[in-house]
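The values are calculated or read from the model by the stated rules, or taken from the named source; none is laboratory data. These numbers come from a predicted model, not from an experiment. Every residue, glycine as well, gets a Cβ built from its backbone with ideal geometry; the counts of neighbours run over all protein chains shown. Accessible surface areas use protein heavy atoms only, side chains included; no ligands, DNA or RNA. Shrake-Rupley method; radii C 1.70, N 1.55, O 1.52, S 1.80 Å.
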Amino acid sequence: MLTPKDQQEVLSIITSRRSAKTNAVIVLPTKFARLLKIAPRLQKSQFQSKFSTILLCTDEPVNSFEISATNQLSLMHMANIVGILPGKTKPNELVIFSGHYDHLGVDPTNKVDSIYNGANDDASGTTAVMQLAKYYAKLGNNARTLVFAAFTAEEEGGFGSTYFSHQFDPEKVMAMFNIEMIGTQSKWGENTAYITGYEKTDMGEILQKNLAGTGFTFHPDPYTDQHLFYRSDNATLARQGVPAHTISTSKMDAEPNYHKVSDEISTLDLTNMNRIIRCIALSARSIVNGAETPSRVNTAELR
Ligand SMILES: [Zn+2]
């Protein structure tokens, strides 16, 4: 039997393969695969890159193996959706609010419920992006230019945000608030969220300072072994030095609907989610009004 710690370790080895620059085969006994709930769709979404990691689930001793694969390519047209509110006094300095609007699609083999709704992952984030756009448009006093982006194809490998990140000079981006899965309460309860890659810049500290006395708290990401900083749409810009972080409430060790067809709106805590959106706006105040600029990611330190 795998202890939760063993499970974490195996998962973390598998997850860290995503950024490795070699092909690999990981041999797993079938009961481990079952325990870790490794579903074919999860493999596809997590390991798509130039290099492949193949999970071989078997109970037989493996001395040699042969792999054959066929590829079926089809052309799909995809688009990011972007809105811009030009800055009043610092129009050349950009602040980005983003989320992804794609999810895992449809599983035709599931006869009970074939649709992956992705209510939490990441309709909750795109809801925040739209609400914030509405809010700042109404305020009409943003010093910096605000960019609101809903990305496509995050689950397939961050294609939408990668394309987006190459459309402008990253030096002009002062901060990126990527919002992922804020529909459930975090491990600390209501009115709290966490910031991935907290130690990579001082943006987290700025946000925490802006939240002092508001009743909201932002924490550093408690799931660092899951490499969340590199797994969402903030990663491409962060790799170019932009203070680009993901804000989330998702309990990565205990979200029963994560990447399942059961990620439905009925499972979300909309009251808390609405408060978290407000909390993001409060935390961003000094960055939106141009008073503070977070330090940049040291790209030399990144893998
Ligand atoms: Zn997501």
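Values as computed for the structure displayed
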{"read-out": "Calculated P(r) of segment 211-277 - Cα pairs past 13 Å, %", "value": "74 percent"}
{"read-out": "GNM flexibility winner over the chain from I247, I179, I265 (Cα, springs under 10 Å)", "value": "I265"}
{"read-out": "Order of exposure, largest accessible area first, which applies to S250, S68 with probe 1.4 Å", "value": "S68, S250"}
{"read-out": "Scaled radius of gyration (Cα, divided by 2.2 N^0.38 Å) that the chain gives", "value": "1.03"}
{"read-out": "Fluctuation leader among A291, A119, A193 - the chain, Gaussian network, Cα springs under 10 angstrom", "value": "A291"}
{"read-out": "Segment 153-170 residues near the modelled I84 label - backbone nitrogen below 15 Å, point 7 Å along Cα→Cβ", "value": "164-170"}
{"read-out": "Volume in Å³ per residue [convex hull over Cα atoms, computed for segment 169-271]", "value": "113 Å³"}
{"read-out": "Positive-end residue, segment 112-187 charge dipole about Cα centroid, Cβ charges, pick of Y136, M181, V147", "value": "Y136"}
{"read-out": "Residue-span extension gain [K111 to A212] - 0.36 nm each, minus C-alpha spacing", "value": "31.4 nm"}
{"read-out": "Helix axis angle, 270-283 relative to the chain longest principal axis, alpha carbon, degrees", "value": "50 degrees"}
{"read-out": "Förster-model FRET efficiency, 45 Å R0, S74 and T267, C-beta, rounded to 0.05", "value": "0.90"}
{"read-out": "Relative contact order (%) - segment 81-301, alpha-carbon pairs under 8 angstrom, separation at least six", "value": "28 percent"}
{"read-out": "Most mobile listed residue (T109, T127, T201) in the chain, GNM with C-alpha springs under 10 Å", "value": "T109"}
{"read-out": "D225 accessible area, assembled protein chains, probe 1.4 Å, Å²", "value": "60 Å²"}
{"read-out": "With all protein chains modelled, accessible area of D263 [1.4 Å, Å²]", "value": "10 Å²"}
{"read-out": "Entries in K5/K209; K200/K260; K5/K187 that, when Cα-Cα distance is taken, lie over 28 Å", "value": "K5/K209; K200/K260"}
{"read-out": "Accessible area, probe 1.4 Å, largest first, for residues K21, K138, K90", "value": "K138, K21, K90"}
{"read-out": "Label-to-label distance, nm, for residues given as E9 and T22 (7 Å Cα→Cβ offset)", "value": "2.0 nm"}
{"read-out": "Surface accessible to a 1.4 Å probe, L11 within the full protein complex, Å²", "value": "60 Å²"}
